[in-house]
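Okay, so here's the structure we're looking at.
Readers should treat all values here as calculations from the given coordinates under stated rules, not as data from a laboratory. Note that the structure is a prediction, hence the values are computed from the model and not measured. Cβ placement follows ideal geometry from the backbone for every residue including glycine, while neighbour counts extend to all protein chains displayed.
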Amino acid sequence: MSAAGVIHAISKFFSWIGGIALFAMCLLTFIDVFMRYFFKSPITGSQEIVAQLLVLAIYGGMPCGIMQKMLVETDVVTKRFPVRVQAALQCFLSLACTVVCALMTSRMLKQTIFYFGHPNLTTQILKIEYGPFYAFACFGCLMIGLELAIHTVNYFMAFVRPGKEAGENE
């Protein structure tokens, strides 16, 4: 299996975690609202749990979404450009996003190390430690950057070999 194949497999696995977290977040919110409305007794700490599940949903789902190119595009102008210009533009944008993800990953790694070093820093009500969630977000951000790096290479190859569509060699 190629390096890109391993990265894609990890992204798909992460998407399952993200999907389960999103489902759990919706279910918890529904039950919390139901309990609050009918029994005047909301679930204690539900907002803290939802916030942590949101981290899992976002950083679990984004790598796979980027892998599948399920991004919002505004290509009203760029689709009129020649294929090589489109590939060069996409390559540049993917590279820029990869660099931003690398910077975000390094910053999150520092925060992850900090929170694992201070296990007393927790959420207020349920005392959920932040470290594991920062670690998940850090790894998710790394996966986003790697998926973007794969896109960068594919768009570069489409620019160099103009007869192929961008991303065709994935």
Exercise. Can you tell me the equivalent ellipsoid semi-axes for the stretch 1-53? Use √(5λ) from the Cα gyration tensor, largest first, whole Å.
Key: 36, 9, 4
Quiz item: Per-residue ellipticity at 222 nm for the chain, helices alone: DSSP H runs ≥ 4 residues times -39500 (n - 2.57), over residue total, nearest 500 deg cm²/dmol?
Solution: -26500 deg cm²/dmol
Quiz item: Farthest toward the dipole's positive end in the chain, which of Val77, Phe139, Gln90, given Cβ charges of +1 (Lys, Arg) and -1 (Asp, Glu) about the Cα centre?
Solution: Val77
Practice problem: Could you check the simple spin-label distance between Ile128 and Leu71, using points 7 Å along Cα→Cβ, in nm with one decimal? | Solution: 2.9 nm
Exercise. Could you go through the stretch 99-107 in sequence order and give the Karplus-derived ³J(HN,Hα) for each residue, using 6.51 cos²θ - 1.76 cosθ + 1.60 with θ = phi - 60°, rounded to whole Hz, and x for Gly and Pro?
Key: 5, 4, 5, 4, 5, 5, 5, 5, 5
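Out of the stretch 49-152, which GluC sites (Glu not before Pro) are coil in DSSP terms and have no more than 12 other C-beta atoms within 10 Å?
Filter output for the stretch 49-152: Glu73.
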Practice problem: Check cross-link reach from Lys79 to the lysines: straight Cα distance under 26 Å, and skip same-chain residues fewer than eight apart. | Solution: Lys69, Lys164
Self-check item: More than 22 angstrom apart: percent of Cα pairs within the stretch 88-170
Solution: 43 percent
Quiz item: Under a straight-distance cross-link criterion of Cα-Cα below 28 Å, which lysines are reachable from Lys40, leaving out those fewer than 8 residues away in the same chain?
Solution: Lys127
Practice problem: Please give, to one decimal in nm, the separation of the simple spin-label points placed at Phe39 and Leu103, each 7 Å out from Cα toward the Cβ. | Solution: 4.8 nm
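I'd like to know how the stretch 1-89 sits against the 2.2 N^0.38 Å rule of thumb: what's its Cα Rg over that expected value?
Here the answer is 1.62, to two decimals.
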Quiz item: Pick from Leu71, Leu22, Leu109: which is most flexible by mean-square fluctuation in a GNM of the chain where alpha carbon atoms under 10 Å apart are linked?
Solution: Leu71
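Tell me the relative contact order for the chain as a rounded percent, counting alpha carbon contacts under 8 Å between residues six or more apart. Display every interim value, and only then the final one.
Values: 200 pairs, mean separation 46.2, N = 170.
That works out to 27 percent.
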Quiz item: In a GNM of the chain with a 10 Å cut-off on Cα contacts, which of Val77, Val100, Val160 has the highest mean-square fluctuation?
Solution: Val77
Quiz item: Reported to two decimal places, what Rg/Rh ratio describes the chain when computed on Cα atoms with Rh from the Kirkwood expression?
Solution: 1.10
Practice problem: List, in order, the whole-Hz ³J(HN,Hα) value for each residue of the stretch 109-124 obtained from phi through the Karplus relation with A = 6.51, B = -1.76, C = 1.60 and θ = phi - 60°; use x for Gly and Pro. | Solution: 4, 4, 5, 4, 4, 4, 5, 5, x, 10, x, 6, 7, 9, 5, 6
Quiz item: What are the ³J(HN,Hα) values, in whole Hz, obtained from phi via the Karplus relation 6.51 cos²θ - 1.76 cosθ + 1.60 with θ = phi - 60°, for each residue of the stretch 9-25 in sequence order, with x given for Gly and Pro?
Solution: 5, 5, 4, 5, 4, 4, 5, 5, 4, x, x, 5, 5, 5, 4, 4, 5
Exercise. Using the Cα centre as the reference, give the magnitude of the dipole from point charges on the C-beta atoms of the chain (Lys, Arg: +1; Asp, Glu: -1; all else neutral), rounded to the nearest 20 debye.
Key: 160 debye
